[in-house]
Amino acid sequence: MRRDYITVRQARERAVPLPGVGGTDFYIPDLCRVRAVFMLVVTGELLSLVLAVVQATQGWIEWHYFGLLSLFIQWTVLTSAAAICVLRNWLARQSVPMATSIIVLIVLLDVLAFSLFAGGVLHQNTSADAWRDVAKNMLLALLITLMVLRYFYLQFQWQQQQEAEMHARLTALQARIHPHFLFNSMNTIASLITINPERAEDAVLDLSELFRASLRTGDRLIPLDDELDLCRRYLAIEQLRLGDRLTLDWQIADGLQQQAIPPLTLQPLVENAIYHGIQPRPEGGTVKIEAYRKGDSVYLMVQNPRPAEDQRTHEGNRMALGNIQSRLAALFGEPAVLKHSHQNDIYTVTMRLPWQKAGANEPPASKR
């Protein structure tokens, strides 16, 4: 019986967009986010505390000075951040030097306005002293702003480098079709052509789909249903070779078909289960693939028998796990976890992903 196949065009139309990819790249993070506002407030308070300690002539800290300075810094920081947040999309279309100059100008004008306002309200200094204090405030604000912008720019470059390395790792993983798997598959197909041509045709189509997935490097996140379909095609080929030695146990919960997952994430784990858990055992064994949702997380598990000590080949397994872990961290951040364990002669690899449907507009995790 013929099977229905998803074309590359259809798969890409169903793919999930990755944050920071395909959109406007800008080295200034979104300062409208709650986390960003919280970090600005905390950083402002720490700066006020340090300056108050330095200013103190008696005791450890000048509390009156700390209170006034804290109020001044928070007003300046939050209003400047609000202005930058409103102009962020427009600033992103400018060159980096131009955007940096505009941001510095916004901060300096903000500091100037609040410095003049504070001097007019307090009436503590003479006119000359007031303008000298304003100049000091603007100079200090200039230095701090340049240091913060430098930090944002270096962080942005690091993230860009991480994304490039992640894409290179994905491309390398997708290009990894083991020669022995290809030879075994072709031999199996050749043996089926005369006795079961229909099954041989299905095997050819499964193998072609595996190669198609290895060549598809444009998708960063795809629906779980597509990845499971790829696993089924791979296992169908392996089952032709291993026969009764391979038993499959699928436990896929309902409602997870559109869960976002990086391509070629689950299939390498299933491949490792075959080559490290089933193939070395003369009696074979069972590969269990389970997927379920718990709260805001989706759990994927692959289990296989634990081979004997003299039959284990760990290097390929460690490389696959390390590759997948790096891609999960780059795409999802802390919510994504990959771990493995041994219990009762069963080897289990567990993957935890944040719950997100394919095609959702909101990114799965904030990287900034």
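Summary table below
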{"quantity": "Failed condition for ARG150, given (1) over 30 Å from SER326 (Cβ atoms); (2) modelled with pLDDT of 90 or more", "calculated": "(1)"}
{"quantity": "Unique match (being modelled with pLDDT of 85 or more, more than 14 Å from ASN304 (Cβ to Cβ) and not in a helix (DSSP H, G or I)) among LEU264, LEU256", "calculated": "LEU256"}
{"quantity": "Boolean, THR43 is in a helix (DSSP H, G or I) and among the hydroxyl-bearing types (Ser, Thr, Tyr)", "calculated": "yes"}
{"quantity": "Close pairs (6 angstrom Cβ cut-off, 6 or more residues apart or separate chains): under 24 Å from SER297 (Cα atoms) in the stretch 260-278, of a type in the set (Lys, Arg) anywhere", "calculated": "PRO262/ARG327"}
{"quantity": "Contacts under 6 angstrom Cβ, first residue in the stretch 180-200 being within 14 Å of ARG241 (Cβ to Cβ), partner modelled with pLDDT under 80 and part of a helix (DSSP H, G or I), 6 or more apart", "calculated": "ARG199/LEU192; ALA200/LEU192"}
{"quantity": "From ALA135, ALA56, ALA99, ALA113, residue being modelled with pLDDT under 75 and of a type in the set (Gly, Ala, Ser)", "calculated": "ALA56"}
{"quantity": "Qualifying residue in the stretch 177-194 (condition: surrounded by 12 or more Cβ atoms within 10 Å (Cβ to Cβ), of a type in the set (Gly, Ala, Ser), under 29 Å from GLY284 (Cβ atoms) and modelled with pLDDT of 80 or more)", "calculated": "no"}
{"quantity": "Qualifying position, being of a type in the set (A, V, I, L, M) and at pLDDT below 80, among LEU215, LEU246, LEU242, LEU228", "calculated": "LEU215"}
{"quantity": "Filtered residues of the stretch 60-96 (kept if modelled with pLDDT under 85 and either part of a loop (DSSP other than H, G, I, E, B) or outside the structural domain of TYR153 (by TED's automatic domain parsing) (or both))", "calculated": "TRP60, ILE61, GLU62"}
{"quantity": "When residues of the stretch 322-351 are limited to those that are crowded, with 19+ Cβ neighbours inside 10 Å and over 16 Å from MET301 (Cα atoms), the one farthest from the chain's Cα centre (by Cα)", "calculated": "ASN323"}
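The values are calculated or read from the model by the stated rules, or taken from the named source; none is laboratory data. None of the values given here were measured: they were computed from a predicted structure. As a convention, Cβ positions derive from the backbone with ideal geometry for all residues, glycine included, and neighbour counts pool all protein chains shown.
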